[in-house]
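Read-outs throughout are calculated quantities, based only on the coordinates presented, and are distinct from any laboratory measurement. Here the structure is a predicted model, which is why all the values come from computation and not from measurement. Every residue, glycine among them, receives a Cβ derived from its backbone with ideal geometry; neighbour counts consider all protein chains shown.
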Amino acid sequence: MIRGMVDIVGCWVCNLCKSMNCSHWRDFVNSLPFGKLTWTTSKPNKSVIFLDMTVSIEKGRITTSTYQKPMNLYLYLPPTSNHNPRQCKAIIYQLLTKYKSQNTNYQDYLKYSALLYRRHRLRGHQPSQLRKYFLEAHNKIHNSAPLGNTTILTSSGDKRQSFLHFQYNSTDLPAKAVMRLHAKHCHNFEQDIGLSPPKMCYSRPKNIGDLATQTKLHQHPTKPASHYMGEFQKGLDP
């Protein structure tokens, strides 16, 4: 197998040599240096780590498994964090879905699922709540329709979708209570203007990371980025 810094993995198949010590592979490596590109190659191997997966050739077939870096700290959200509890549930579901798609062998899926559970326990989550999240995610993954057979749900009629957006705070009213109040006091208004029942959306409050790692770009006061292409085009005009 070969790999490069451009996140591309390939499989070398030589029908002439059929051996690990392939002379055609050496010819291919010798032809790589061209232009300004530089390549780093290693000896052919039947297993390679690519991004967050291990890709292997076993008994003539390609298999994959999840790869996790040894120095990963697994700093999942602790239960004391001021985040919507659904976020922890969503993280578990998303990771279990990834493990299911990455691991050819079902036992590997179970292995990394168990590690995910233990790491959440170490972060302080209670077993009863975690078991509920894991079982719901596991059942949802295994009972979901396969790709290509999914059904897209759309709102009935010509009603427009509406959203209720709040910045999350653990001391606020639960989402179910807000929805009950909204249905009680706003149902007729929604019907009159043609809106579907709203969806609840939450955003997290700002934290120290937002202040310490700002990514906002600052424009030059006399050279705004919006005028760049216009000035560039002027330079091209005869």
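Taking a ≥ b ≥ c as the square roots of the eigenvalues of the alpha-carbon gyration tensor, region 53-198 is classed oblate because a/c is 1.5 or more while a/b is no larger than b/c. P(r) tail, region 163-206: Cα-Cα pairs separated by more than 17 Å, 36% of all pairs.
Over 24 Å apart at the Cα level, from the set Lys69/Lys111; Lys46/Lys100; Lys100/Lys132; Lys43/Lys111, are Lys43/Lys111. Of the residues Lys100, Lys132, Lys36, the one with the fewest other Cβ atoms within 10 Å heads the list, and the complete ranking is Lys36, Lys132, Lys100. Contact order for region 85-143, expressed relative to its length and based on alpha carbon pairs under 8 Å spaced 6+ residues apart, stands at 44 percent.
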